[in-house]
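One structure is given below, encoded as structure tokens.
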Amino acid sequence: MTTGLPHDSVRAAWTALRTETPLLHLDTAACGRTTVATWAAIARHLELEAELGGYVAEAEADGAVTEARQRLGELLGGFDQDEVALLDSSSTAVTQLLAAWPCEAGDEVWIAPSEWGPNIEAFRYRGLEPVVLDVDGSGLIDLEALRRRLLTKRPAMVHLTGLTAHRALAQPAREIVEIAGDVPVVIDTAQALGQIEIPAGVAAVYGTSRKWLCGPRGVGYLAVREPWQGRLVPRVPALAQHERPVRNLESHEAYVAGRVGLATTLREYVGIGPALIRERLAAVGRELRSGLADLPGWSLRDPIDAPGAIVALVPDTDLNLFRLRADLLDRKMLTTVSAPARAPLDITRPMLRLSPHVDFEIGEIPRIRALLAA
């Protein structure tokens, strides 16, 4: 039984920072809504680039960018700001990481069946062999089976999708880090950051700012901890070498305005309270799943008390979800279709994904039910 949404002050603060939307916005897992101050900071930096030139403006933005690295490092499980690289996307981050990682063609990467599809392709492109770990009935990695496997084999890394993009599934990352010991654990935090706590001790994490942080598009991040940072070998050496190898994975042609905007996003986000935001998002997910559990024609993919605010719905019939999504958008409800390519080892048929943020209110559930039943 659900008990309502906690921390209404979080909803009020979150809403006050943004313009109103004409949509029932249920697509944060794709791209969250930025704040007025974030896009104002971006605009101010672009004006500075026009007045002073890009490189002078970049130098003047150094303080804000350093602040963004520092806040990201804290949210990602205690990385130092010089262990954080800023890139343009999560996809670029994992590509750069794998290209520089100390591994050889044929090395194994251990994954769960719920792994993000493009990551699996990135592993194979690097010449690595994805090996699927044993899981329980819900898709969580079997910790005892992992422990036994590590007695006889050692992968190049254990790679986790911290919280999946297509449904509400979070791997037990903290326990896996402890079991793995000196085997590096790398986490894709694109969906996890902002929804669940990122554990300390992870070798590397990466993701993007545009989802649950609701930062700018075009800004991703990668953090690598020692001793693994010292073993990175950048594919293309940077023109000006930084003393921390992970920073040499950044592009010289950076979206600096986006980084400045991210600093503002993070300042506001931390001001509201990351733990409170996570708690409200978890309650949003529970309430929405509970409210849709008996919706005719649909089935929940995950239990009502699953983590985070992603809600996955599977149609009972062979419904064209892409057409439905377009129809819902015409009726002012924004969603996403999770096709099998997003997680080819876990998705057997397309699902409709709803992903509201903390501004969601329970009173919207009847409207959602009506739209999905129409």
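The values are calculated or read from the model by the stated rules, or taken from the named source; none is laboratory data. Computed from a predicted model, the values in this text were never measured in an experiment. With ideal geometry, Cβ positions are generated from the backbone for all residues, glycine too; neighbour counts draw on all protein chains shown. Protein only, heavy atoms only, side chains kept; ligands, DNA and RNA dropped before computing areas. Shrake-Rupley method; radii C 1.70, N 1.55, O 1.52, S 1.80 Å.
What segment 128-243 shows is 40 Å² of accessible area per residue, with the surface traced by a 1.4 Å probe over protein heavy atoms. Based on alpha carbons, the Rg and Dmax found for segment 1-127 are 19.9, 58 Å.
The orientation-averaged projected area of the convex hull spanned by the Cα atoms of segment 108-238 comes to 8.6 nm².
The sum of -39500 (n - 2.57) across all DSSP H runs of n ≥ 4, divided by the residue count of the chain, sets its helix-only mean residue ellipticity at 222 nm to -11500 deg cm²/dmol. Rg and Dmax over the alpha-carbon atoms of segment 161-274 stand at 15.3, 42 Å.
Roughly how many nanometres apart are two label points built 7 Å out from the Cα toward the Cβ at Arg369 and Asp182? Result for the modelled spin labels: 5.7 nm. Using alpha-carbon positions, what is the distance between the centroids of segment 8-23 and segment 85-105, in Å? Here the answer is 35 Å between Cα centres. Distance from the Cα centroid of segment 119-171 to that of segment 294-345 is 25 Å (rounded to whole angstrom). Atom-type composition of the exposed protein surface of segment 304-374 places 55 percent of the accessible area on carbon and sulfur (1.4 angstrom probe).
Dividing the radius of gyration of the alpha carbons in the chain by their Kirkwood radius gives 0.97 for Rg/Rh. How large a share of the accessible area of segment 131-179, in percent, is made up of carbon and sulfur atoms when the probe is 1.4 Å and the other protein chains stay in place? Percent of accessible area from carbon and sulfur atoms in segment 131-179: 50.
Over all distinct Cα-Cα pairs of segment 308-362, the Kirkwood formula returns a hydrodynamic radius of 12.2 Å.
Computed log10 I(q)/I(0) for segment 236-374 at 0.10, 0.16 Å⁻¹: -0.51, -0.93, from the Debye equation with unit scatterers placed on every C-alpha and solvent omitted. Model label points for Asp134 and Asp327, set 7 angstrom from Cα along the Cα-to-Cβ axis, are 4.5 nm apart. P(r) tail for segment 122-169: Cα pairs beyond 12 Å make up 70% of the total.
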